[in-house]
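Note sheet for the following structure.
The values are calculated or read from the model by the stated rules, or taken from the named source; none is laboratory data. Remember, it's a predicted structure, so these values are computed and weren't measured experimentally. As a convention, Cβ positions derive from the backbone with ideal geometry for all residues, glycine included, and neighbour counts pool all protein chains shown. Protein only, heavy atoms only, side chains kept; ligands, DNA and RNA dropped before computing areas. Shrake-Rupley method; radii C 1.70, N 1.55, O 1.52, S 1.80 Å.
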Amino acid sequence: MRKWWPLAAICLGTLMLLLDVTIVTVALPAMAMDLGATLSDLEWVVDAYALALASLLLGVGSHADRIGRRKVYLVGLIVFTAASVACAVAPNAGVLIGARAVQGVGAAGMFGTTIALLGMHYKGRDRAVAFAVWGATNSVAAAAGPVVGGFLTQYLDWRWIFLVNLPVCLAAVVMTLRSVREAGGRGRRRADVLGTVAFTVASGTLTFGLIRAHSEGWTTPLTLGLFTTAAVALALFVAAETRHEHPVLDLSLFRRPSFTGIMISALFLQGAAFAYLLYESLWMQSVLGYEPVEAGLYILPMCAAAFLASVLAGRFGPWPPRAAIAGGLALIALGSGMQATLDAGSSGSSLVAGLVVAGLGVGLVTPSLPAAALATVPPERGGMVGGAVNTFRQLGFALGIAVFGVIFQSRIEGVLKTDGRIPDPHEAAAVLSGGQARSFVANWPEDERAEMTHLVREAFTSGLNTVLVVAAALGAAASLITVALVRVPKADARQQPEAGAIPGGQEPRADAAL
C-alpha cells in the first residue's frame, strides 16, 4: 500500500483545488445578500479563481520542470491554504474576489504539477490505475462542489466553504513531504517570463471584457480597450513562444493534429459540462426558493455518475483515446441538451436525467485527456503538457462563465421587454440574474405578484435553456473535432517513453496510459 501514498497526497490536493472551482456556486445567493454583490461580482467570485488558475498553469508546468515539481506543488498548497483563510474573513466582495485570485495562484502551483508527478511515480498498469483514480477525483470534486457548498452554507455559513480547506490542505502537505519524491530541477533553463505574463494578460482581459460587455456595452471604450489589449497580448504571447528557447507552451506541438484536438477538447470540456451550474443554482435558489442543500442535492447525481464512469474507465481500460474523449464529449452534449427543456412550471428534478448523462461523459473524458496528451511529448516536457491540458480546461470554464453570463442576462432581458410594466428591462435583468428574484417580485403590488412570478420563471428558464443549448453545441463540436483530429496509433504509443519519468532512468512504455 505504500506505493499509493504519492497518489493519495496528489489526489487530496487536487480534490480541494477543484472543489473550490464549483463549491461557491450554491453559496452565491448568500454571498450576494451578505456582501451586497452584483451579478458581475458573483461571476468574478467564480472566475477570479478559475482565471488565475488557468492563466498561470502554463508557466507553472514549465517552470516546475526547471526548478522541481514537488517543490512547486508544496508552495502551491501553502499559498492556497493561506488564501482560503483570507476568503473566509473577507469583509466585502472586492476583498473576496482578490483572495479568490490568490487562491487560484496557489491552485496553479498544485494543478500544474499533478500530471507530471503521477507520470513520474507510476508505470504500466499502476499508471493506468493512478490516472483513473486521479480522473475520478477530478470528476467528483467538480460535481460535488455544489453539494458540499450547499451543506456548509445552509447549516454553518458560506465562509465555511473556505475554512474547510485548512485541515485537508495541512494533511496534504504532510503526506507530500513524506511520500512524494522530487523531479525536475534543471535550473540552467531560462524562464519564459514574457510568455507567462502575456498569456495571463490575454486571458484575463478577454474574460473581463466578456463579463463587462453586457452591462457596459459592446462598443464602449472600456470594452473595446479590453478586447484590444487581449488581442495584443495574445500576439505578444505567440511571438514570445516562437523566439524563446524553452517556452511555456511549445507552439510547434499544434502542428500535430492529435495534440490540437486534445487541447480543443480540454477547452470545451469544462465550459460545456460545468459552467452552466452557476446559473442553474441561481434559478433553483432565487426563483424556485430551494435551500442551498436542496439545490446541491439536485446536482449530486452528476457527481455519482462522473465517479462511476471514471472507476469503470480505470477498471475496464485502457480505452482508445479518441473513443473515450469523443464519446464522453458526446454524452456531455446530450446531457446538456436534455436539460434545455425547462419552462415556467419546471422544478429541479427536470435537470437530473441530463446531469446524469453529462456526468457519465465527464467521468469518461477526464482521465483520458491527460493520458493522451502525455503520449504526444517526450518525458522532460511532462510538466509543460500537463499544465497545458489543465490550462485549457480551466480557461474553458472561466470563458464559459463569462459567455454564458452574457447569454443568460440577455435572454432574461429579452423576455422582460415583452411586459410593458417593467420600465427598465436591462436593470431588472441585472437584478434578477444577480440572485434577487424573490425581492424583485415582492416589490410589486400584491395583485400582480402571481403574474410577475410567472414572468420571472419564464425569463429564467428561457435564459437557462439558451445557455444549455450553447453548452450542448460546444460539447458536440468538440466531439466531432476529436474524431477528426485525434490519432494515437498503438505502434507510435509504444515508442513513447512514459511521461514524467526521470531522465536517464529505465523508461517504460507509455501505451499503458492510453
Write out, first by first residue and then by second, each pair whose Cβ atoms fall under 9 Å of each other, whose residues are 6+ apart or on separate chains, and whose first residue, in the range 426-453, is in contact (Cβ under 8 Å) with a residue 40 or more places away in the chain while the second is in a helix (DSSP H, G or I) and open to solvent by 60 Å² or more (accessible area, probe 1.4 Å). Ala430/Ser215; Gly435/Met33; Gln436/Met33; Ala437/Arg457
Hey, Trp283 open to solvent by 50 Å² or more (accessible area, probe 1.4 Å) and under 22 Å from Ala473 (Cβ atoms) or not: no
What helices (runs of 4 or more DSSP H), lying completely within the range 221-287, carry at least 2 residues that are farther than 30 Å from Leu374 by Cα and within 20 Å of the chain's Cα centre (by Cα)? 277-282
Of the residues in the range 43-80 that are aromatic (Phe, Trp, Tyr) and out of contact with any Gly (no Cβ under 6 Å at 6 or more places or on another chain), the one that is most open to solvent (accessible area, probe 1.4 Å) is Trp44
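Checking the conditions here, which among Val173, Val140 is open to solvent by 10 Å² or more (accessible area, probe 1.4 Å), hydrophobic (A, V, I, L, M, F, W, C) and under 25 Å from Ala371 (Cβ atoms)?
Values: Val173 fails: under 25 Å from Ala371 (Cβ atoms).
Testing whether each residue is open to solvent by 10 Å² or more (accessible area, probe 1.4 Å), hydrophobic (A, V, I, L, M, F, W, C) and under 25 Å from Ala371 (Cβ atoms) leaves just Val140.
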With respect to the numbered conditions (1) surrounded by fewer than 20 Cβ atoms within 10 Å (Cβ to Cβ); (2) modelled with pLDDT of 90 or more, which one is the sole condition not fulfilled by Ala323? (2)
Return only the number of the condition from (1) in a helix (DSSP H, G or I); (2) open to solvent by less than 20 Å² (accessible area, probe 1.4 Å) that Ile422 does not satisfy. (1)
Here are the criteria: (1) modelled with pLDDT of 90 or more; (2) surrounded by fewer than 24 Cβ atoms within 10 Å (Cβ to Cβ); (3) not charged (D, E, K, R). Tell me which single one Phe268 does not satisfy. (2)
With the condition kept exactly as written, say whether any residue in the range 107-130 is of a type in the set (Val, Ile, Thr), under 25 Å from Gly296 (Cα atoms), open to solvent by 10 Å² or more (accessible area, probe 1.4 Å) and in contact (Cβ under 8 Å) with a residue 24 or more places away in the chain. no
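Sort out which residues of the range 431-474 are open to solvent by less than 40 Å² (accessible area, probe 1.4 Å), at pLDDT below 85 and at negative phi, and write them in order of number.
So the first thing to find is which residues in the range 431-474 are open to solvent by less than 40 Å² (accessible area, probe 1.4 Å), and the list is 432-435, 437, 440-441, 452, 455-456, 459-465, 467-468, 471-472.
After this cut, where a residue has to be at pLDDT below 85 as well, the list is 432-435, 437, 440-441.
Selection gives Leu432, Ser433, Gly434, Ala437, Phe440, Val441.
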With in contact with a helix residue (DSSP H, G or I) (Cβ under 6 Å, 6 or more places away or on another chain) and more than 21 Å from Val365 (Cβ to Cβ) as the only criterion, which of Ala90, Ala136, Ala82 stands out? Ala90
Answer yes if at least one residue in the range 80-98 is in contact (Cβ under 8 Å) with a residue 40 or more places away in the chain and in contact with a Pro (Cβ under 6 Å, 6 or more places away or on another chain), and no otherwise. no
For the range 202-232, enumerate the residues that are open to solvent by 30 Å² or more (accessible area, probe 1.4 Å), modelled with pLDDT of 80 or more and closer than 14 Å to Leu399 by Cα. Leu206, Phe208, Phe227
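Any residue at all in the range 30-38 that's out of contact with any His (no Cβ under 8 Å at 6 or more places or on another chain), part of a helix (DSSP H, G or I) and buried (at least 24 other Cβ atoms within 10 Å of the Cβ)? Don't jump to the end; show me each part of the working.
At the first step, the residues of the range 30-38 found to be out of contact with any His (no Cβ under 8 Å at 6 or more places or on another chain) are 30-38.
Imposing the further condition that a residue be part of a helix (DSSP H, G or I) reduces the set to 30-35.
Now narrow it down to the ones that are buried (at least 24 other Cβ atoms within 10 Å of the Cβ): none.
Checking the range 30-38: not a single residue is out of contact with any His (no Cβ under 8 Å at 6 or more places or on another chain), part of a helix (DSSP H, G or I) and buried (at least 24 other Cβ atoms within 10 Å of the Cβ).
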Unmet requirement for Asp250, which otherwise passes all of (1) free of Cβ contacts under 8 Å to residues at least 60 places away in the same chain; (2) open to solvent by 10 Å² or more (accessible area, probe 1.4 Å): (1)
